[in-house]
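Okay, structure first, notes after.
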Amino acid sequence: MTTTITLVQGDITHHSADAIVNAANSSLLGGGGVDGAIHRRGGPEILAECRALRASRYGKGLPTGQAVATTAGRLDARWVIHTVGPVHQGPDSDPALLASCYRESLRVADELGARTVAFPAISTGVYRWPMDDAARIAVETVRNTPTAVEEVRFVLFDDRAYEAFARRLG
Ligand code: ADP
């Protein structure tokens, strides 16, 4: 099955998809950027499930490059898939870990049976990954990952992100 990749510009919390991916931090307890926006608009149910995950499977936090799902609360989605991108020039500044975020999110989406998945540009905000390189890794990884997801939609917040992804998509 082929996966269609689409690009839109905007706020991911205003989009509808089976699963919306969150560029979380390893604490899973919320943060700024897209993470803050998802918790604000999605409401307290998401944080409650994140806290439960911290208390059970992820006592030390969700490792960089991994992904885990919760409810989507009040968002127009069934699930939020939280993934932790690497911090550019931080201790785990490895492009393979950024690729892993996309691959693992799709693996979790497949486990859930999600058909449409919306991604932000992981690691390109507070984590400072250069936009062009992040777009290359995102598009290549989604193209090369076997999945039953029918549509992957990149929801890019600003012109710079949208244009970088559009160049990569060709
Ligand atoms: P990270 O910590 O992984 O860098 P950020 O949330 O700081 O995560 O930024 C990731 C990307 O998400 C940035 O390009 C930022 O502009 C973008 N972004 C921030 N808020 C939103 C939103 N509401 N919807 C979509 N993208 C967003």
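The values are calculated or read from the model by the stated rules, or taken from the named source; none is laboratory data. Since the model is a prediction, treat every value here as computed from it, not as a measurement. Because the Cβ atoms are built from the backbone with ideal geometry, glycine has one as well, and the counts that use them run over all protein chains shown.
Looking at Ala121, Ala99, Ala135, which one is touching a helix residue (DSSP H, G or I) at 6+ places or on another chain (Cβ under 6 Å), near the ligand (Cβ under 9 Å from one of its atoms) and either part of a helix (DSSP H, G or I) or modelled with pLDDT of 95 or more (or both)? Quick ask: steps written out before the conclusion?
Values: Ala99 fails: near the ligand (Cβ under 9 Å from one of its atoms); Ala135 fails: near the ligand (Cβ under 9 Å from one of its atoms).
Exactly one of Ala121, Ala99, Ala135 is touching a helix residue (DSSP H, G or I) at 6+ places or on another chain (Cβ under 6 Å), near the ligand (Cβ under 9 Å from one of its atoms) and either part of a helix (DSSP H, G or I) or modelled with pLDDT of 95 or more (or both), namely Ala121.
Check region 55-78 and report whether any residue there is in contact (Cβ under 8 Å) with a residue 40 or more places away in the chain and among the polar types (S, T, N, Q). Step through it out loud before you land on a result.
Just the residues of region 55-78 that are in contact (Cβ under 8 Å) with a residue 40 or more places away in the chain, to begin with: 67-69, 72, 75-78.
This time we only want the ones that are among the polar types (S, T, N, Q), so: none.
No, region 55-78 contains no residue that is in contact (Cβ under 8 Å) with a residue 40 or more places away in the chain and among the polar types (S, T, N, Q).
Given the criteria among the polar types (S, T, N, Q) and in contact with a strand residue (DSSP E or B) (Cβ under 7 Å, 6 or more places away or on another chain), does Thr13 qualify?
Values: among the polar types (S, T, N, Q): yes; in contact with a strand residue (DSSP E or B) (Cβ under 7 Å, 6 or more places away or on another chain): no.
Judged against the criteria, Thr13 is not a match.
Go through (1) farther than 18 Å from His88 by Cβ; (2) near the ligand (Cβ under 8 Å from one of its atoms); (3) surrounded by fewer than 23 Cβ atoms within 10 Å (Cβ to Cβ) one by one and return the number of the condition Arg128 breaks.
The single condition Arg128 does not satisfy is (1).
Can you name the residue in region 1-42 that is more than 15 Å from the ligand (Cβ to nearest atom) and not charged (D, E, K, R) and is also surrounded by the fewest Cβ atoms within 10 Å (Cβ to Cβ) among such residues? So that I can check it myself, show each step before the final result.
Step one: of region 1-42, the residues more than 15 Å from the ligand (Cβ to nearest atom) are 1-5, 18.
Pick out the ones that are also not charged (D, E, K, R) and you get 1-5.
Working: Met1: 7, Thr2: 5, Thr3: 16, Thr4: 10, Ile5: 17.
My answer is Thr2.
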